[in-house]
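*Asks:* Provided herewith is a single structure, encoded as structure tokens, for subsequent inquiry.
The values are calculated or read from the model by the stated rules, or taken from the named source; none is laboratory data. The shown structure was predicted, so the numbers you read here are calculated from the model rather than taken from an experiment. We place every Cβ from the backbone using ideal geometry, glycine too, and count neighbours over all the protein chains shown.
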Amino acid sequence: MRILHTSDWHIGQRLHGKDRFEEHEKFFSWLLQVLQDKQIDLLLVAGDIFDVGYPSNSALQQYYRFLTLCRESTCQKVIITGGNHDYVSTLNAPKSLLDALNISVIGGVPDSIEQEIVEIKDKNGQLAAFVCAVPYLRDRDIRKGIVGESHEERIEATSMGIANHYKEVADCVEKINTNQLPVIATGHLYMAGVSTSDSERDIQMGNQAAFRWDSFPQNFDYVALGHIHRPQRISNQEQVRYSGSPIPLSFSEKNDQKEVVVIEFMENKLSSVESVKVPLFRRLIGFSGSLDEVASQLQQHHSEGEDTDWAEIHIEEENYDPNLLQKYKELLEMDFDLEIVKPSISFKDRVKGVSELYEEQVALKDLTDQEVFDKLLERSNFEDGAELQNSYQQLLQEMNDKEQ
């Protein structure tokens with residue numbers, strides 16, 4: 001049995017206002033070919049299917065079109081779990097229809113733990129494996145708030161709640177797995193020791209409730225993780241992995257090699273784990289230096305792929321000069337063999353009201369909720385910033401959970 005693990009598609013994402021539709025189209029075309037070439041039996045998607053809770057019509061059409069085309073490949077079964085970006089109601093809305101297509105969707109924690117266990121059958125209709133399809137675990141799913149509890153107690157309760165949920169689903173599958181068939185689990189969470197980018201939202205107490213790989217139950221043969229966009233093993237464990245996102249979702253991921261993971265079971269044992277590189281459909285690049293240096297770099301650059309490269313540029317000058325600002329504006333209007341989507345300029349001198357303006361020339365839409373709050377704290381003189389941070393993270397998580 002061959003399984004393909006992927007996650008964090010973020011269909012409908014816009015990068016600094018630029019649509020990613022074509023990149024997703026090319027990824028899905030490539031993925032369909034991989035499903036066929038690798039003779040994949042089961043496709044696992046570990047959360048963050050969409051970038052926003054209520055995706056656009058084009059994003060929904062793209063998603064459903066791909067799922068429909070999956071039926072034309074060797075892939076007999078698709079399992080999709082919700083992530084922190086996904087609204088449970090959005091994913092679960094077509095659940096009954098997708099069930100008829102042998103596509104199981106678990107958008108959020110269901111009413112009973114048994115509903116997270118999906119039976120996988122082989123080509124002959126024989127039971128071949130079990131999937132513990134655990135979605136993103138929201139605060140309300142794993143703990144009850146207690147008046148007066150400390151921040152440390154909330155972190156501990158969150159970690160214990162995650163561990164207890166996985167133990168419960170593992171115990172449940174153990175009772176029915178009388179033939180010792182493979183057990184695969186999914187997860188959309190923050191693991192201890194991961195390498196992150198700047199495009200993941202903080203989850204589960206601002207990522208402070210990091211989960212350890214050895215806290216997963218021992219009867220899981222493979223854990224397919226989502227949420228972190230850089231593909232990686234956890235603590236060098238081949239069987240506990242983040243597949244990462246298929247396209248770079250921020251400029252911090254511009255040098256990452258994207259991949260999907262193909263795992264194979266033979267005679268009920270995990271026999272191989274293979275990283276399959278995803279082609280780069282559009283390059284994200286960065287240039288920095290003085291105005292003259294960046295201008296020279298832009299003029300010499302040539303896009304190599306089918307799609308024009310997108311660039312982030314940061315110009316840093318010693319002294320503020322209105323003429324430099326005018327040249328900067330003219331530079332942004334020039335034609336290059338790329339498209340500048342994230343420009344910025346700053347000055348090292350401290351001319352009151354000017355250098356501050358340009359050092360802080362970051363669009364609010366480019367900042368995360370946490371980064372906005374951090375900047376507000378920097379400008380204030382609160383004595384206990386740490387306590388405010390803790391309270392803010394709890395409030396932000398509660399608001400995100402209520403929206404979904």
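*Asks:* Here are the criteria: (1) surrounded by fewer than 20 Cβ atoms within 10 Å (Cβ to Cβ); (2) under 24 Å from GLN232 (Cα atoms); (3) of a type outside the set (D, E, K, R). Tell me which single one LEU284 does not satisfy.
*Replies:* Only one criterion is unmet by LEU284, namely (1).
*Asks:* Looking only at the range 242-300, which residues are of a type in the set (D, E, K, R) and assigned to a helix (DSSP H, G or I)?
*Replies:* GLU253, ASP292, GLU293
*Asks:* Considering only the range 1-55, state which residues are in a loop (DSSP other than H, G, I, E, B), surrounded by fewer than 16 Cβ atoms within 10 Å (Cβ to Cβ) and hydroxyl-bearing (Ser, Thr, Tyr).
*Replies:* Once the filter is applied, which keeps residues that are in a loop (DSSP other than H, G, I, E, B), surrounded by fewer than 16 Cβ atoms within 10 Å (Cβ to Cβ) and hydroxyl-bearing (Ser, Thr, Tyr), the range 1-55 yields only TYR54.
Conditions tested, residue by residue: (1) at pLDDT 90 or above; (2) of a type outside the set (A, V, I, L, M, F, W, C).
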| residue | (1), (2) |
| --- | --- |
| ALA157 | no, no |
| MET160 | no, no |
| TYR166 | yes, yes |
| ILE184 | yes, no |
| GLY187 | yes, yes |
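*Asks:* Going through the range 253-283 one residue at a time, which ones are of a type outside the set (Phe, Trp, Tyr), in contact (Cβ under 8 Å) with a residue 60 or more places away in the chain and within 30 Å of GLU25 (Cα to Cα)?
*Replies:* Selection gives VAL260, VAL261, VAL262, ILE263, GLU264, VAL276, VAL278, PRO279, ARG282.
*Asks:* Considering the range 221-241 alone, what residues qualify as being touching a residue at least 24 places away in the same chain (Cβ under 8 Å), part of a strand (DSSP E or B) and under 18 Å from SER271 (Cα atoms)?
*Replies:* Within the range 221-241, TYR222, VAL223, ALA224, GLN237, GLU238, GLN239, VAL240, ARG241 qualify.
*Asks:* Among the residues that make up the range 265-276, is at least one of them under 25 Å from LEU15 (Cβ atoms), modelled with pLDDT of 95 or more and surrounded by fewer than 20 Cβ atoms within 10 Å (Cβ to Cβ)?
*Replies:* Yes, there is a match, as at least one residue in the range 265-276 is under 25 Å from LEU15 (Cβ atoms), modelled with pLDDT of 95 or more and surrounded by fewer than 20 Cβ atoms within 10 Å (Cβ to Cβ).
*Asks:* Of the conditions (1) modelled with pLDDT of 80 or more; (2) touching an Asp or Glu at 6+ places or on another chain (Cβ under 9 Å); (3) of a type in the set (Gly, Ala, Ser), GLY145 satisfies every one except a single condition; which number is it?
*Replies:* (1)
*Asks:* Only residues that are at pLDDT 60 or above, surrounded by 19 or more Cβ atoms within 10 Å (Cβ to Cβ) and either in a loop (DSSP other than H, G, I, E, B) or outside the structural domain of LEU181 (by TED's automatic domain parsing) (or both): list them for the range 200-220, please.
*Replies:* GLU200, ALA209, PHE216, PHE220
*Asks:* Of the residues in the range 97-118, how many are of a type in the set (Ser, Thr, Tyr) and more than 14 Å from LEU67 (Cα to Cα)?
*Replies:* So the answer is 1.
*Asks:* Right, next: Name the residues in the range 105-134 that are touching a helix residue (DSSP H, G or I) at 6+ places or on another chain (Cβ under 8 Å) and more than 20 Å from GLU174 (Cβ to Cβ), would you?
*Replies:* Once the filter is applied, which keeps residues that are touching a helix residue (DSSP H, G or I) at 6+ places or on another chain (Cβ under 8 Å) and more than 20 Å from GLU174 (Cβ to Cβ), the range 105-134 yields VAL105, GLY107, GLY108.
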